[in-house]
Every structure is written in structure tokens, then in C-alpha cells.
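The structure appears right after this line, and notes come after that.
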There are 2 protein chains.
Amino acid sequence: MSSQPPHPALLIPGPIEFDDAVLNAMSHYSESHVGGPFVKCFGETLSMLRQLFQSTDPAAQPFVISGSGTLGWDQVAANLAEPGDDVLVLHTGYFADSFADCFDTYGVKPTQLKAPIGDRPQLDEIEKALKEKEYKIITVTHVDTSTGVLSEIKGLSEMVHRVSPNTLVVVDGVCSVGCEEIRFDDWGIDVVLTASQKAIGCPAGLSIVMASGRAIERFKSRKTKPASYFGSWKNWLPIMQNYEAKKPSYFATPSPQLIHALHTSLTQILSKPLSARFARHKEVSQHIKSAVSALGLKQLASKPENQANGMTAIYLPEGIQAPQILPNLLQKGVIFAGGLHKEIATKYVRFGHMGVSVMDENRDDVKRALEALREGLGEAGYKA
Amino acid sequence: MSSQPPHPALLIPGPIEFDDAVLNAMSHYSESHVGGPFVKCFGETLSMLRQLFQSTDPAAQPFVISGSGTLGWDQVAANLAEPGDDVLVLHTGYFADSFADCFDTYGVKPTQLKAPIGDRPQLDEIEKALKEKEYKIITVTHVDTSTGVLSEIKGLSEMVHRVSPNTLVVVDGVCSVGCEEIRFDDWGIDVVLTASQKAIGCPAGLSIVMASGRAIERFKSRKTKPASYFGSWKNWLPIMQNYEAKKPSYFATPSPQLIHALHTSLTQILSKPLSARFARHKEVSQHIKSAVSALGLKQLASKPENQANGMTAIYLPEGIQAPQILPNLLQKGVIFAGGLHKEIATKYVRFGHMGVSVMDENRDDVKRALEALREGLGEAGYKA
């Protein structure tokens with residue numbers, strides 16, 4: 001087990017810093033994708049994902065496929081909607097536009113419900129929209145990586161089930177799974193899609209999707225063929241079921257090294273109560289948000305209830321732009337991300353605080369980041 | 001740099017054994033996917049792929065996307081054909097059926113030209129088929145991993161250009177790139193699609209595609225939107241061009257660790273003349289095929305000109321089945337693959353001899369595998 005060489009702390013909203021044991025699992029010696037040891041590892045990984053989603057419903061189904069978070073959109077659009085179907089896309093930033101584009105690619109008709117930058121669509125607006133048309137799916141970005149806006153899933157899902165019970169509730173959890181609470185069964189969620197490289201703490205390269213029994217039934221009753229081949233659940237469903245039953249199975253070659261790394265990160269996450277993990281992310285997030293306020297800076301997510309617990313999107317002071325401050329922070333050993341929301345991209349920075357940087361008591365990433373931010377702004381002429 | 005712990009030699013037709021340096025690159029510390037160091041690594045990787053394909057045409061375009069070899073089929077079907085188009089699929093085993101299914105998913109009409117098991121469609125048959133209908137694409141599996149049948153690309157491509165000049169020549173090189181000669185520009189190939197985990201020698205998780213300038217033009221002139229979102233070249237083309245120009249760019253998060261590993265394996269491959277690499281694979285393959293014959297065993301690929309140089313598919317003696325011999329070989333520290341061609345799956349085994357097991361003079365994988373095969377068959381009651 002070698003530890004990592006000195007390097008700047010990666011504090012963007014994904015990829016995040018990874019634990020040594022996870023990175024060591026990435027260099028696992030080569031194994032057959034259909035051999036006993038790897039099949040066991042993959043099967044256990046799928047079972048651990050059920051625990052991560054706090055799901056005990058055997059009809060629910062986890063999928064892990066080589067790809068990225070984006071592939072989860074294709075899986076939803078190509079398996080759970082059919083050409084001509086209407087879907088409602090709640091917009092809290094950059095990623096809803098892309099998800100809508102993905103639906104459109106597969107002949108599905110997205111209607112976007114937009115909120116002002118830093119806010120989220122309100123329940124009464126959403127309820128009104130759901131009553132106007134029959135939507136097969138509603139999608140919500142749990143944490144919008146472009147703005148740091150958190151959506152509230154439990155109440156949203158309850159309302160959708162009450163007002164439009166045939167509408168599947170799809171959560172884009174790319175920037176939330178592993179740092180925000182998600183009770184998949186209890187909240188009546190139909191799909192959570194995510195990726196490996198954020199709060200799950202495993203290098204990028206995996207699309208991770210959890211589907212409810214209801215979503216699987218919807219898929220099975222579709223009248224047209226799935227609209228994607230690589231992302232088709234017709235191809236992947238038996239493979240995932242076989243792996244979890246420890247039976248070798250083949251559609252396309254998975255990445256044994258990435259699955260070993262995911263196995264390692266999930267084992268670490270599940271070794272402690274999930275509630276403590278979410279509470280710790282919240283605690284550190286509030287500490288960061290207080291420090292940002294103390295610096296006289298504002299967040300894109302203006303209301304406290306809209307603020308993500310795994311990242312903070314921070315408006316820079318007037319006259320200081322992201323391309324100016326980010327290289328200075330890098331000099332101080334800290335990597336933040338620039339803005340992603342087109343209209344205001346240079347006016348803000350994004351600080352990711354997920355996974356080991358928050359959970360590992362031996363790390364001082366967050367402390368160093370806040371110091372670097374304060375110093376960097378001072379060097380740019382800003383006085384709090 | 002830690003070396004790998006003792007483990008059975010993985011001699012299946014992919015994933016293959018990996019070099020220590022490649023596996024160590026898999027555990028690279030976390031980097032931003034849009035930060036300078038990673039952008040440089042990705043850009044150099046794309047440029048090295050051009051060299052691997054012996055291509056100097058600046059209009060040609062390499063793509064590296066998180067996924068598997070299968071995603072390359074989606075890229076071809078969703079970007080280079082439009083619904084209703086006819087395509088000709090040359091069939092040498094399992095993989096042509098799947099590629100045809102992929103085309104069908106995107107509304108493209110595949111016509112399969114089949115050969116008997118162990119053989120490949122002949123040039124005169126293919127020429128006849130091309131004259132009967134206007135095919136937008138012809139696909140050929142360079143090495144069919146299910147049968148070990150090698151197709152001849154140079155003569156095929158020449159004939160296609162002569163007989164049907166508007167037909168794009170698409171090569172499935174999943175089991176050939178890195179161990180069989182491919183002169184992309186000289187042979188007039190339009191697409192080679194492959195994966196990382198075979199003769200390229202990098203862990204699974206990457207779809208690698210090389211497209212000609214003509215293919216890119218065909219893509220740009222399509223009348224309909226690309227039929228996949230995650231596999232859309234509209235989304236990926238600017239990203240790949242930016243990475244190679246060392247400019248940060250984002251569509252979906254790549255896997256920095258896998259790209260570092262690919263960078264390492266390509267650097268190793270290109271450190272010696274490619275001609276020597278292909279010659280060495282041929283030499284070792286002929287040694288293996290002679291040893292197999294000396295054991296009184298036959299190959300699925302019956303004619304010498306049909307035989308792949310990176311794998312051998314071997315019929316077992318009458319009365320011995322794959323599920324019987326494979327566990328015995330594993331006991332002796334060697335992993336072969338079972339059959340994949342449905343009709344005869346238990347009657348043969350597949351021996352992969354690609355990458356470091358062939359090129360690294362310090363390894364005795366091939367020697368041990370041939371000894372294990374001889375002993376294993378003897379213990380099962382077979383006498384050569």
C-alpha cells in the first residue's frame with residue numbers, strides 16, 4: 001500500500017480526493033470479467049449500492065456500467081420513456097438543459113420548469129405543471145453542480161405521487177449520492193442516477209443507476225425497443241441480476257479495476273452509519289458557508305434551504321474574476337473549479353467538500369482551502 | 001512502483017495481463033478533468049493513438065470515451081448512419097450478430113453476410129453483395145474474439161473503394177488493435193473501433209475509436225440528429241479536438257486514472273517499432289499454433305490465412321468439455337476462456353496471447369500455458 005505523492009488538494013465538485021486504499025484498488029492485477037473472484041466482487045458491489053440507497057426492496061435494481069454520470073441520462077431517456085412521451089425537467093442550472101437535450105435525442109419531449117439562478121422551482125409551480133399535462137417522468141437535479149443548489153426530494157416525491165401517480169420520479173444524484181441523504185424506498189423514488197467520482201469517492205469511469213421495481217416494470221412494459229444499445233436495460237438487466245447472484249454473465253466487458261475501487265469505497269462508506277456521514281457533511285458545509293459569509297461573500301444558492309452540503313458556489317467580489325483567482329489558489333496547493341453556468345461563468349468559483357476531505361480526520365483540506373481563499377482574495381486587493 | 005502480487009496468468013482474449021507501470025498509473029492521485037496536467041496527458045494520448053493507427057491525416061479524429069468496446073458500435077450506428085440506411089455486416093462469429101442488433105436499435109437496416117464457423121466471407125461474395133444494394137457502411141470484425149478468425153482488411157478495403165466508393169469501411173478492431181497490423185490511412189479505412197483492455201494493454205473502461213476525415217464529413221452532413229446522446233460525436237468532437245489542442249473542455253467527465261494508464265501503455269508500445277511488435281505477435285502465435293497441432297488439436301479458424309495472431313480458439317478433444325478443463329488449468333495458474341460461439345460453446349477454449357505476455361521477455365506466460373494445456377488434457381485422459 002503506497003500513499004499518494006504530494007499534490008494540490010482537489011476541491012472541485014468532482015472528481016474529489018480519493019482515499020489511498022481506493023486508489024490502490026485501481027491497480028488490482030488483471031482478472032477475468034467472468035471469473036469467480038471478480039464476479040463475487042461485482043456482486044457484492046451491487047448489494048452494497050442497495051445499502052447506500054437505503055433500499056431493501058428486492059424489486060429495485062442497481063446498475064453499474066462503464067461510462068460517466070451522463071450515461072445515466074441516456075439510460076433514463078432510452079429505457080423509461082418512449083418517443084413522443086412528455087417529461088417534466090426541473091431546472092436549477094446547467095445540467096437540466098443537458099438532460100433535456102438527452103431526452104430530445106431519443107424523441108422524448110422535455111418541458112423545462114426553470115427557476116432563477118440560485119433558486120429552485122417551487123412545489124406549487126411544479127404541482128400546477130403536473131396537472132396541465134400527462135408527464136411520464138419528472139426529473140430533478142438533487143444538487144446542481146453548476147450552482148450548488150440543493151433540491152428537496154422527499155416532499156417533491158410525495159407531491160408527485162399524490163398529484164400525478166403515474167409519473168416516475170427521477171433524481172439526478174451525480175453530485176449528491178454519498179453526501180446528501182437519500183431514502184430510496186421510503187421517499188418513493190423511481191430512479192437515482194449518479195457517477196463514481198463525487199461523494200462516492202471512486203475514480204471517474206462508472207455510471208451508477210438505482211431503479212425502483214416500478215421503473216423496471218415500466219421498462220418491461222414499453223412498446224418500443226430501448227432507444228440506446230450500449231445503455232439498454234434489455235442488455236444490462238440480466239447481467240446485473242446474474243452478477244449479484246454470483247453467476248458469470250456477459251454483455252460488454254466491465255472494468256474490474258474500477259469495480260474493485262468502488263467496492264473499496266463503498267465498504268469504507270458503509271463501515272459507519274450513513275446518518276453520521278450525512279450529518280458530518282452538513283456540519284462541515286455549514287462551517288464553510290459561515291466562513292464564506294464572514295469573508296463578505298455571497299453564495300449562488302441564496303436561501304439556506306437551497307444550499308448543498310457537499311459543495312459551495314461562491315460569488316467573487318466585484319472586480320475579481322475566476323481566471324484570476326484560481327491560479328493563485330493552485331499556487332497555494334488548492335484546486336477550486338470555475339463557474340459552469342454560462343451567463344455568469346467568470347463571476348464565481350465552486351468549492352467541493354465531499355468524501356475523504358470531509359470525513360477523514362487526518363486531512364486538513366477544508367482548513368487549507370479556506371485559508372487559501374482568504375489569502376488569495378487579499379492578494380487580489382479584496383478586503384472583507 | 002509496487003509489482004503485482006502472485007496471481008494466475010490471465011490468458012483470455014481480453015482483458016489481458018497488464019504491465020506494472022500501467023497498473024501503477026491507474027492509482028494516480030486525483031486530478032481535475034479540466035486542469036492543465038490532465039489536459040496535457042489526455043491530449044498526448046490522443047496524439048499517440050494516431051501513431052498507433054499509423055495515421056498522419058490531420059482530418060482523421062481519435063475518440064476516447066469512458067465505456068467499453070461495445071460503445072464503439074453505438075458511435076458508428078448513431079453518428080455515421082441514419083434511420084433507414086442499409087449497412088452490410090460481415091459475419092465471422094458472435095460479435096457481428098451484436099453489431100447488427102446495435103444498428104437495428106438505431107433504425108439502421110443491417111444485412112448480414114455469414115460464413116461457416118471458422119471461416120470468413122470471401123471477397124467475391126462481398127463484391128456481389130455490394131453491387132446488389134447501396135450500403136452506407138460495411139463492417140468487418142478484424143479478429144472475431146469468439147472464433148479467433150482473422151479478416152483481411154487491406155484487400156477488402158481496396159475492393160470496397162473500387163466497387164462501392166461511397167460505402168464507409170468500418171473495422172471492429174476490439175481484438176486486433178495493438179497486435180495486428182492496421183495502416184489506417186494507407187488502407188483507406190474509415191473507422192476502427194476498439195477497447196483498452198486487449199492488445200493495447202490498459203485496463204477495461206475505455207471505448208477507443210479512430211475516424212477518417214471522410215467519416216467525419218459524413219457525420220457532419222447527416223440530416224438527422226445523432227441517435228445517441230452519450231455517444232454523440234456532436235457532443236464529443238469538439239471535446240477531443242480541444243483536449244488534443246491542450247485546451248480544457250467539458251461534455252462528460254473522463255476518467256483521469258484510465259487515461260493515465262492508456263498514456264502509459266501507448267508510450268510503452270510506441271517506444272519500439274510497430275512492425276517489430278506485429279512480427280513478434282505473429283511469431284509467438286505461430287509457435288502456439290504449432291504446439292496446438294502437435295497436441296493433435298484443431299483450431300476453429302481452419303485456414304492459416306484466417307488465423308488471428310493474438311489469440312487461438314482451440315477445439316477440445318472428443319469427450320473433454322471446456323467446463324471440465326478450465327478449472328484444472330486455473331489450478332495450474334493459467335486462465336483460458338471458454339467458448340463464446342453459442343452452437344459449440346463447451347467444445348472449445350480460447351487462449352489469448354497479446355501484449356506483455358508476448359512482448360515482455362521476462363515473462364513465461366505462454367510457455368506455462370502450453371505446458372498446462374498439455375498436462376491438463378493428459379489428466380483428463382487425452383493422449384496426443
Search result, residues across the stretch B:171-192 that are among the acidic types (Asp, Glu) and either assigned to a loop (DSSP other than H, G, I, E, B) or at pLDDT below 95 (or both): B:GLU181, B:ASP185, B:ASP186, B:ASP190
With B:GLY107, B:GLY36 as the choices, which residue is out of contact with any strand residue (DSSP E or B) (no Cβ under 8 Å at 6 or more places or on another chain) and within 25 Å of A:ALA78 (Cα to Cα)? B:GLY107
Count of residues meeting criterion [hydroxyl-bearing (Ser, Thr, Tyr), free of Cβ contacts under 8 Å to residues at least 60 places away in the same chain and part of a loop (DSSP other than H, G, I, E, B)] in the stretch A:130-170: 2
Hits in the stretch B:218-233 - residues which are in contact (Cβ under 8 Å) with a residue 12 or more places away in the chain, surrounded by fewer than 24 Cβ atoms within 10 Å (Cβ to Cβ) and either out of contact with any Phe, Trp or Tyr (no Cβ under 9 Å at 6 or more places or on another chain) or of a type outside the set (Phe, Trp, Tyr) (or both): B:ARG218, B:ARG222, B:LYS223, B:THR224, B:PRO226, B:SER232
How many of the residues in the stretch A:326-347 are within 21 Å of the chain's Cα centre (by Cα), in contact (Cβ under 8 Å) with a residue 24 or more places away in the chain and assigned to a strand (DSSP E or B)? 2
Among the residues of the stretch B:84-112, count how many are touching a Ser or Thr at 6+ places or on another chain (Cβ under 7 Å), surrounded by fewer than 23 Cβ atoms within 10 Å (Cβ to Cβ) and within 12 Å of chain A (Cβ to nearest Cβ). 1
For the stretch B:77-99, give me the residue count where each residue is more than 15 Å from the chain's Cα centre (by Cα) and either closer than 27 Å to B:CYS202 by Cα or touching a residue at least 60 places away in the same chain (Cβ under 8 Å) (or both). 9
I'd like to check something: does the stretch B:328-340 contain any residue that is surrounded by fewer than 17 Cβ atoms within 10 Å (Cβ to Cβ) and closer than 30 Å to B:ALA96 by Cβ? no
Candidate set: the stretch B:159-197, residues that are acidic (Asp, Glu) and surrounded by fewer than 24 Cβ atoms within 10 Å (Cβ to Cβ); chosen: the one nearest to the chain's Cα centre (by Cα): B:GLU180
On the basis of being closer than 30 Å to A:LYS131 by Cβ, more than 8 Å from chain B (Cβ to nearest Cβ) and crowded, with 24+ Cβ neighbours inside 10 Å, does A:ALA81 make the cut? yes
Every listed condition ((1) modelled with pLDDT under 95; (2) part of a helix (DSSP H, G or I); (3) surrounded by fewer than 24 Cβ atoms within 10 Å (Cβ to Cβ); (4) not hydroxyl-bearing (Ser, Thr, Tyr)) holds for B:PRO116 save (2)
How many residues are within 13 Å of another protein chain (Cβ to nearest Cβ), farther than 29 Å from B:PRO226 by Cα, under 24 Å from the mean Cα position of the chain (by Cα) and assigned to a loop (DSSP other than H, G, I, E, B) when one looks only at the stretch A:201-256? 2
Can you tell me how many residues in the stretch A:37-62 are touching a residue at least 12 places away in the same chain (Cβ under 8 Å) and in a helix (DSSP H, G or I)? 15
Are any of the residues in the stretch B:55-64 away from chain A (no Cβ under 11 Å) and farther than 29 Å from B:SER228 by Cβ? yes
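Looking at the stretch A:173-200 only, could you name the residues that are β-branched (Val, Ile, Thr) and more than 14 Å from chain B (Cβ to nearest Cβ)?
A:VAL177, A:ILE182, A:ILE189, A:VAL191, A:VAL192
Name every residue in the stretch B:1-38 that is of a type in the set (Val, Ile, Thr) and more than 15 Å from B:GLN268 (Cα to Cα), in order of residue number.
Once the filter is applied, which keeps residues that are of a type in the set (Val, Ile, Thr) and more than 15 Å from B:GLN268 (Cα to Cα), the stretch B:1-38 yields B:ILE12, B:ILE16, B:VAL34.
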If the requirement is being in a helix (DSSP H, G or I) and within 22 Å of B:GLU44 (Cβ to Cβ), which of these qualifies: B:ALA261, B:ALA279? B:ALA261
Note: among A:ARG363, A:ARG368, A:ARG374, A:ARG350, just one is crowded, with 21+ Cβ neighbours inside 10 Å, among the charged types (D, E, K, R) and touching a residue at least 12 places away in the same chain (Cβ under 8 Å), namely A:ARG350
Against the definition (hydrophobic (A, V, I, L, M, F, W, C) and more than 14 Å from chain A (Cβ to nearest Cβ)), how does B:LEU71 come out, yes or no? no
So which of A:HIS260, A:HIS281 ends up being surrounded by 16 or more Cβ atoms within 10 Å (Cβ to Cβ) and over 30 Å from A:PRO116 (Cβ atoms)? A:HIS260
Filtered residue count, the stretch B:284-316, keeping only those that are part of a loop (DSSP other than H, G, I, E, B) and crowded, with 19+ Cβ neighbours inside 10 Å: 7
Here the residues within the stretch B:22-46 that are out of contact with any Asp or Glu (no Cβ under 9 Å at 6 or more places or on another chain) and at the interface with another protein chain (Cβ under 10 Å from one of its Cβ atoms) are B:VAL22, B:LEU23, B:ASN24, B:ALA25, B:MET26, B:HIS28, B:GLU31, B:SER32, B:HIS33, B:VAL34, B:GLY35, B:GLY36
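The values are calculated or read from the model by the stated rules, or taken from the named source; none is laboratory data. The structure presented is a predicted model; accordingly, all values stated were derived computationally and were not measured. Methodologically, a virtual Cβ is constructed for each residue, glycine included, from the backbone with ideal geometry; neighbour enumeration extends over all protein chains shown.
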